[in-house]
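These notes are about the structure you will find just below.
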Amino acid sequence: MLSDMSNITFYPFPGVDGLEVHVFDVDLERQIADAVFRFPADDTVALHRHVSQTNMLILGGELIIYNDDGSVRDHRKAGNYYVGSRDDVHIEGGGPEGAVVLYSVRGHGDPNVIELLDKSGAILGALTFDDIAALKAAQSG
């Protein structure tokens, strides 16, 4: 069962069908960002690499982490906190009830937060701290 998120307004995450986000805070100078994402049930997002350390708290449902070959690496259930590692390549998605996840990102000088990858590992695009700041600004507009 998903936690009550009625006080949070979620916005579509550009370019990813079904994924929603609410950005709480972005500090561009210190490269820190906090946002909550809502994943649809039984769906995944693209293969990607976390360039910045990304810690997460599962607020509701279950987040499933897949290896780049599609095999399941981990089932992350509500109430659990995970310390991420830089350069982690994976696919993630919501379990049977979806998932609501708080991500806390800590940069280290690279402007990229994540890089979207193709199956060969080539970079297709990136999400930057500036992109997250733009998402936050759009929430206020």
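Read the figures in this text as sums done on the coordinates, not as results from a lab. The shown structure was predicted, so the numbers you read here are calculated from the model rather than taken from an experiment. As a convention, Cβ positions derive from the backbone with ideal geometry for all residues, glycine included, and neighbour counts pool all protein chains shown.
Each of the trypsin sites (Lys or Arg not before Pro) that DSSP puts in a loop and that has at most 10 other Cβ atoms within 10 Å breaks the chain; the longest unbroken stretch is 31-118. Once the gyration tensor of the Cα atoms in region 11-140 is diagonalised, the equivalent ellipsoid follows with semi-axes of 21, 17, 14 Å, ordered largest first. Couplings 3J(HN,Hα) for region 47-63, derived from phi with the Karplus relation 6.51 cos²θ - 1.76 cosθ + 1.60 (θ = phi - 60°), are 4, 8, 10, 7, 6, 9, 4, 10, 8, 9, 10, 7, 8, x, x, 9, 9 Hz, where x marks Gly and Pro. Here the 3J(HN,Hα) profile of region 103-113, calculated from phi with Karplus coefficients 6.51, -1.76 and 1.60 at θ = phi - 60°, is 10, 10, 9, 10, x, 9, x, 7, x, 7, 9 Hz, Gly and Pro shown as x.
For F24, the amide hydrogen comes within under 5 Å of the amide hydrogens of D34, A35, V36, counting only partners 5 or more places away or on other chains and with H modelled in the peptide plane. Karplus-derived 3J(HN,Hα) values for region 76-91, using 6.51 cos²θ - 1.76 cosθ + 1.60 with θ = phi - 60°, are 10, 9, 3, x, 9, 10, 10, 8, x, 10, 5, 6, 7, 9, 5, 10 Hz; glycine and proline are entered as x.
Across S85, S52, S104, mean-square fluctuation computed from a Gaussian network of the chain (C-alpha pairs under 10 Å connected) peaks at S85.
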